Amino acid sequence: MQDPNVREDQLRIREARARFAEALLPEYRAAALARWDAHAPRLLEALAMLYAQTTRFDDTLSQFVEGLADGINGRPQALRASDDARERNPSWFLAQDTIGYSAYVDRFGGDLRGVAERVPYLQRLGVRYLHLLPFLQAREGDNDGGFAVRDYDAVDPALGTNDDLLALTARLRDAGIGLCADLVLNHTADDHAWALAARGGDAHYRDYYHIFPDRTLPDAYERTLGQVFPQTAPGNFTHVPNVGWVWTTFYGYQWDLNWSNPDVFAHMALTLLRLANRGIEAFRLDSTAYLWKSTGTDCMNRPEAHTILRALRAVCDIAAPGVLLKAEAIVPARELTPYFGLRNGNAADAVGDECHLAYHSTLMAALWVALAESRGDMLADIVARTPALPPACGWLTYLRCHDDIGWGVLREEAAGDSEHAPFDLARIACFYAGETPDSYARGRAFQSAGCEHVHGTNGTAAALTGIEAALARGDAHALALAERRFTLLHGIVFAAAGLPTLYMGDEIALGNDETYLDDAERADEGRWLHRPAMDWARAHAAEALDAHRNDDEMDRVDGAANATALRIGRALRAMIAARRATPDLRADASMRAVPLGDAAAFGLRRGDGFLALCNLSAREIAIAPPPELADAHWRDALDGGRDTALPTRLPPYALRWFVRA
Ligand code: GLC
């Protein structure tokens, strides 16, 4: 006799398909049903795992599949075409000519129209993937840089309208640039309509959040929870008068959603599709690690959180297969493979059924450690530990983003082992806060009483590599070294396996922005230090001079900061061009560290034909590349492609790229 649960599942699948088919417009039915048949079993299995025991599941599901069909019916023609093309070439976003750029709308272009006007600038830089930080209607007052969303269906009025968004995505598409937007899944703002209804006592909406009448359960959970903002938002629960204790992992005004409620899933998944239909091509799934809560755990990376992501991916595969999902889970790289859908076994045989991309925050933090400690060997260790990914998946590589450099991802490596020397994260945090005698950095500790309590570090790349201090002192020698550090770290990001993403302003080496301290709402939030407004005068000056390609003129540049911007911009553009010309730099080409015989050196091989040689120290070093590499014929990829032998010495902070001749 058939298991009644299996029978029930089959019935549910059949009914869901019939309802879905009926809601589709006839012209889209055949294609949509083919995708449904390929991906709905995964979707329904995931949803049943999460919600079969809830009373509302069947009702929610039938409404949901109708919503899914509506999403398909409403998908604009241009996006359908790209869905078809990308479905045929699922690794499309891993091409070596894809460079990312991340910016706040207001700081980059004022508003969405201003961003649209600056598309040619992005094109000239070679950007193919633009991550705009949150631009949906945010909470009144403080809103964590837009990460407290009040209305997911409207652009923030300060930044534009939904029509502006449509115009921007069309313009970007024409320019070959995909727009990535944050989808804040873990929480809404406390003035979102659901939160307002919950505040009004509506039991249906109270169940969209985790609300407790007293401290009993919060205290029990707190025993095993960590803290994201221990200084500015200690604890994980906030008392809201007349409501109760609300789960708030981040700020008190960011109410964690209750993803064990199927309505939350249905609403958020359909929200994603509506945004995708406005032309958003990639979603940065914010704080994905925190979606599922279970007592006795740290409530991070729970299996159910992965089931949710698997369901969201299946939704995209059915209704918007051209869309990418990017996991924002700031956890050690080893814990990230499940975010790509790699549960166990061999990556090569796996099907990536969760996110297409995830931040390699371990590599990001490790680059800063390697620089502070002059240790190429620890980067080699990070490369060796970087897990293989399923096909059509990639890392997002970066040197800085809008958040702090979180040191926590490196705790295991910091402890060292029989082959690797330990390192002291507290010393490194103090170094970047400019509080050690040897420091050139102008960063600041984040969320810790002092840098010795390791949490995170703020500061722009220019501030952390010493450019800012050298410019302020007018010290040409220090500036030259600092520019080398800046270029070196970017050179590793651009050479590593992944989609390299620049943070806005790094292409002109923007320094820290202290103005946030004058704004009462932001003064407590140190991350604003490295979220400066774009300096368009400097960007244009650097571009104009670069266009002349005239080194004499470069010496006459008005101001040392502009000259730095020009040199940094040139160096980055040279890497972007070399990357574009080097198939071995595809995001998914293999990556191996190469021993060079000096702990300060770092050699990185990509595929068979690419080699980067780096010196993480301020001294000139001798290196000895393995004979099979030393004996091969190489071209210098960053210096006009001339034939060259591999060097045996590397100057301070050297970065060299080679391709096989
Ligand atoms: C993510 C964002 C960060 C934000 C947090 C809460 O980590 O990158 O800026 O504060 O989520 O939404």
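The values are calculated or read from the model by the stated rules, or taken from the named source; none is laboratory data. Note that the structure is a prediction, hence the values are computed from the model and not measured. Here the Cβ positions follow ideal geometry from the backbone for every residue, glycine too, while neighbour counts run over all protein chains shown. Heavy atoms of the whole protein, side chains included, go into the accessibility calculation; ligands, DNA and RNA do not. Shrake-Rupley method; radii C 1.70, N 1.55, O 1.52, S 1.80 Å.
Residue pairs, Cβ under 9 Å, 6 or more apart or interchain, first in the stretch 479-491 and closer than 18 Å to A578 by Cα and among the small types (G, A, S), second part of a helix (DSSP H, G or I) and open to solvent by 20 Å² or more (accessible area, probe 1.4 Å). List them.
Cβ pairs passing all conditions: G491/A571.
Take the stretch 302-322 and flag every residue that is without any contact (Cβ under 8 Å) to a residue 60 or more places away in the chain and not in a helix (DSSP H, G or I).
Across the stretch 302-322, the qualifying residue is only R302.
Within the stretch 637-644, does at least one residue satisfy the condition of being under 18 Å from E483 (Cα atoms), touching a residue at least 24 places away in the same chain (Cβ under 8 Å) and crowded, with 16+ Cβ neighbours inside 10 Å?
yes
For the stretch 221-245, what are the residues that are more than 16 Å from the ligand (Cβ to nearest atom), within 14 Å of D256 (Cβ to Cβ) and assigned to a loop (DSSP other than H, G, I, E, B)?
Residue satisfying the conditions is V243 alone.
Determine if the stretch 49-61 includes at least one residue that is open to solvent by less than 30 Å² (accessible area, probe 1.4 Å) and among the small types (G, A, S).
For the stretch 49-61, residues open to solvent by less than 30 Å² (accessible area, probe 1.4 Å) and among the small types (G, A, S): absent.
Checking the condition open to solvent by less than 30 Å² (accessible area, probe 1.4 Å), over 28 Å from V454 (Cβ atoms) and within 13 Å of the ligand (Cβ to nearest atom), which residue from L172, L179, L183 passes?
None of the other options fit; the residue is L183.
Kindly provide the set of residues from the stretch 612-630 that are more than 30 Å from A478 (Cβ to Cβ) and open to solvent by less than 10 Å² (accessible area, probe 1.4 Å), ordered by number.
L629
Kindly list, by first and then second residue, each pair from a residue in the stretch 281-294 that is under 15 Å from V228 (Cα atoms) to a residue that is open to solvent by less than 10 Å² (accessible area, probe 1.4 Å) and away from the ligand (no atom under 13 Å from the Cβ), limited to pairs with Cβ atoms under 6 Å and residues at least 6 apart or on different chains.
Every condition considered, the pairs that remain are L291/W259; L291/A305; L291/I308.
Scan the stretch 141-161 for residues that are surrounded by fewer than 21 Cβ atoms within 10 Å (Cβ to Cβ) and more than 14 Å from the ligand (Cβ to nearest atom) and report the count.
7
Taking the conditions exactly as written (in a helix (DSSP H, G or I) and in the same structural domain as A541 (by TED's automatic domain parsing)), does A480 satisfy them or not?
In short, yes.
Check the stretch 510-527 and report whether any residue there is open to solvent by less than 20 Å² (accessible area, probe 1.4 Å) and aliphatic (A, V, I, L, M).
yes
Taking only the stretch 221-266 into account, find how many residues are touching a strand residue (DSSP E or B) at 6+ places or on another chain (Cβ under 9 Å) and open to solvent by 40 Å² or more (accessible area, probe 1.4 Å).
4
Based on what the data block shows, is L572 surrounded by 15 or more Cβ atoms within 10 Å (Cβ to Cβ) and farther than 30 Å from P90 by Cα?
no
All but one of (1) in a helix (DSSP H, G or I); (2) within 16 Å of the ligand (Cβ to nearest atom); (3) in contact with a Phe, Trp or Tyr (Cβ under 9 Å, 6 or more places away or on another chain) hold for L379, so report the exception by its number.
(2)
Of the conditions (1) within 16 Å of the ligand (Cβ to nearest atom); (2) surrounded by 21 or more Cβ atoms within 10 Å (Cβ to Cβ); (3) touching a residue at least 60 places away in the same chain (Cβ under 8 Å), A138 satisfies every one except a single condition; which number is it?
So A138 meets the others, but not (3).
Looking only at the stretch 516-528, decide whether some residue is touching a strand residue (DSSP E or B) at 6+ places or on another chain (Cβ under 8 Å), small (G, A, S) and in the same structural domain as R411 (by TED's automatic domain parsing).
Yes, that holds for at least one residue.
Under 6 Å by Cβ, and 6 or more places apart or on different chains, what pairs join a residue from the stretch 460-476 that is part of a loop (DSSP other than H, G, I, E, B) with one that is of a type outside the set (S, T, N, Q)?
T460/L510; T460/G511; T460/H530; G466/Y440; G466/A482
Looking at E22, E66 in this structure, which one is within 32 Å of the chain's Cα centre (by Cα), among the acidic types (D, E) and surrounded by fewer than 18 Cβ atoms within 10 Å (Cβ to Cβ)?
Values: E22 fails: within 32 Å of the chain's Cα centre (by Cα).
After ruling out the rest, the residue left standing is E66.
List every residue pair whose Cβ atoms sit under 8 Å apart, with the two residues 6 or more apart in sequence or on different chains, where the first one lies in the stretch 325-350 and is away from the ligand (no atom under 15 Å from the Cβ) and the second, anywhere, is in a strand (DSSP E or B) and open to solvent by 10 Å² or more (accessible area, probe 1.4 Å).
Hits for this filter: zero, empty list.
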